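Working notes, beginning with the structure itself.
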Ligand SMILES: Nc1ncnc2c1ncn2[C@@H]1O[C@H](COP(=O)(O)OP(=O)(O)OP(=O)(O)O)[C@@H](O)[C@H]1O
Ligand SMILES: [Mg+2]
């Protein structure tokens, strides 16, 4: 990876900046916040840690920063096990949800602050702060104080303060959650282009799956402290390892329908589903079928359902249906589709090319290798 575009170049060429979790656990009295996490973040990668509130994302990140000690396993940065390395010696920069800027200092002083702590000489401090500010489009604002900035600008100052240090690793914990929707999308793009340009290994925590899909080279999905799957965004979307990942990703998530396999044929709610190709190679009995909203449609014949809600989003419409057995199925319609009425009796067809199969008991993905 080229390092010549990095601001304040110097120490990094020294070693690869991968981050490795090897069987890492963190127990707070009674709660296992992170449970036997094994995960390697590659050098130069932006890895998103994704999962619902309380699943252990922040705890995992704080163990890399040295703000929490693992109760088991080892955390490495580069080739060094850092369990016993002081936070200040880990060469990581963390960006939090709250910007935590010093209100009485100008932006320049805020951005330079970590360099002052490292006793970098004034001239070099100024040069590196200028570079970092320019990188984030803050060049004209350096004499202002945080109170004179918008939320998005403040978050960019927090980012500038992180990059000015030229750390081995960026750790970002939901840095966009205080921003409004428009600013979030813009700052999200800014962070992605910055990360791709600097090539700094980054762990980015979010519970927002759209953020995860758009930002990550790979996404690691967590639930209850446990890693569920780690894969590139599109792979995660197309081959979720279990029903949790399937329903967490996508907006709305994948529909999960109880079904039955009979002699290699599939029945949902007593209705035979026409499959293309060979019969299913799944044992007879109950199975969970997954289908994304865009792979379900309303047709004349199919699985009987009634319409419980119609959500119009402009470019598309989500028709929320309820099957006879009470299962909820969301159908995504394009602009041209005829919208059904509330309460209308409809029939749902599933696109046989885009079905997923999961173990009805464990929720684990079943191979469909027909
Ligand atoms: N200092 C602490 N003492 C006790 N329990 C804690 C502590 N910090 C976190 N926990 C618990 O550990 C679990 C994981 O918390 P963590 O903050 O890592 O979750 P998270 O995935 O970041 O959630 P969120 O999306 O809400 O920020 C939670 O059950 C939480 O209550
Ligand atoms: Mg958190």
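Of all residues in the range 20-54 being closer than 16 Å to residue 207 by Cβ and outside any strand (DSSP E or B), which is farthest from the chain's Cα centre (by Cα)? Looking at residues that are closer than 16 Å to residue 207 by Cβ and outside any strand (DSSP E or B), I get 54.
Let's see how each residue does on (1) outside the structural domain of residue 117 (by TED's automatic domain parsing); (2) in contact (Cβ under 8 Å) with a residue 40 or more places away in the chain; (3) within 13 Å of ligand 1 (Cβ to nearest atom):
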| position | (1), (2), (3) |
| --- | --- |
| 156 | no, no, no |
| 163 | no, yes, no |
| 171 | no, yes, yes |
| 183 | no, no, no |
| 211 | no, yes, yes |
| 216 | no, yes, no |
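Scanning the range 185-206 for residues that are assigned to a loop (DSSP other than H, G, I, E, B) and either outside the structural domain of residue 119 (by TED's automatic domain parsing) or touching a strand residue (DSSP E or B) at 6+ places or on another chain (Cβ under 7 Å) (or both) yields one hit, 200.
Across the range 55-80, the number of residues qualifying as touching a residue at least 60 places away in the same chain (Cβ under 8 Å) and part of a loop (DSSP other than H, G, I, E, B) comes to 4. The number of residues in the range 67-104 that are within 15 Å of ligand 1 (Cβ to nearest atom) and either within 29 Å of residue 147 (Cα to Cα) or buried (at least 17 other Cβ atoms within 10 Å of the Cβ) (or both) comes to 9. Residue count for the range 285-322 satisfying the condition of being under 20 Å from residue 258 (Cβ atoms), surrounded by fewer than 17 Cβ atoms within 10 Å (Cβ to Cβ) and in contact (Cβ under 8 Å) with a residue 24 or more places away in the chain: 5. When each of 122, 129 is tested for being buried (at least 22 other Cβ atoms within 10 Å of the Cβ) and more than 16 Å from ligand 1 (Cβ to nearest atom), the lone residue that passes is 129.
So how many residues does the range 104-144 have that are farther than 14 Å from residue 161 by Cβ, assigned to a loop (DSSP other than H, G, I, E, B) and more than 29 Å from the chain's Cα centre (by Cα)? Number of matching residues: 5. Does residue 59 fit the bill of being surrounded by 20 or more Cβ atoms within 10 Å (Cβ to Cβ) and away from ligand 1 (no atom under 16 Å from the Cβ)? No; evaluated as a whole, the condition is false for this residue.
Conditions tested, residue by residue: (1) closer than 14 Å to residue 172 by Cβ; (2) within 15 Å of ligand 2 (Cβ to nearest atom).
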residue	(1), (2)
203	yes, yes
213	no, no
216	yes, no
225	no, yes
231	no, no
235	no, no
243	no, no
248	no, no
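Exactly one residue among 107, 176 is in the same structural domain as residue 225 (by TED's automatic domain parsing), crowded, with 17+ Cβ neighbours inside 10 Å and at pLDDT below 90, and that residue is 176. Could you check, for the range 47-62, whether at least one of its residues is more than 16 Å from ligand 2 (Cβ to nearest atom) and at positive phi? Within the range 47-62, none of the residues are more than 16 Å from ligand 2 (Cβ to nearest atom) and at positive phi.
Yes or no, residue by residue, for (1) assigned by TED's automatic domain parsing to the domain that holds residue 228; (2) part of a strand (DSSP E or B); (3) on the phi > 0 side of the Ramachandran plot:
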{"site": "258", "(1), (2), (3)": "no, yes, no"}
{"site": "279", "(1), (2), (3)": "no, no, no"}
{"site": "286", "(1), (2), (3)": "no, yes, no"}
{"site": "294", "(1), (2), (3)": "no, no, no"}
{"site": "301", "(1), (2), (3)": "no, no, no"}
{"site": "310", "(1), (2), (3)": "no, yes, no"}
{"site": "326", "(1), (2), (3)": "no, no, yes"}
{"site": "329", "(1), (2), (3)": "no, yes, no"}
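The values are calculated or read from the model by the stated rules, or taken from the named source; none is laboratory data. As the structure is a computational prediction, the values presented were derived from the model and not from experiment. So basically every Cβ, Gly included, is an ideal-geometry build from the backbone, and we count neighbours across all protein chains shown.
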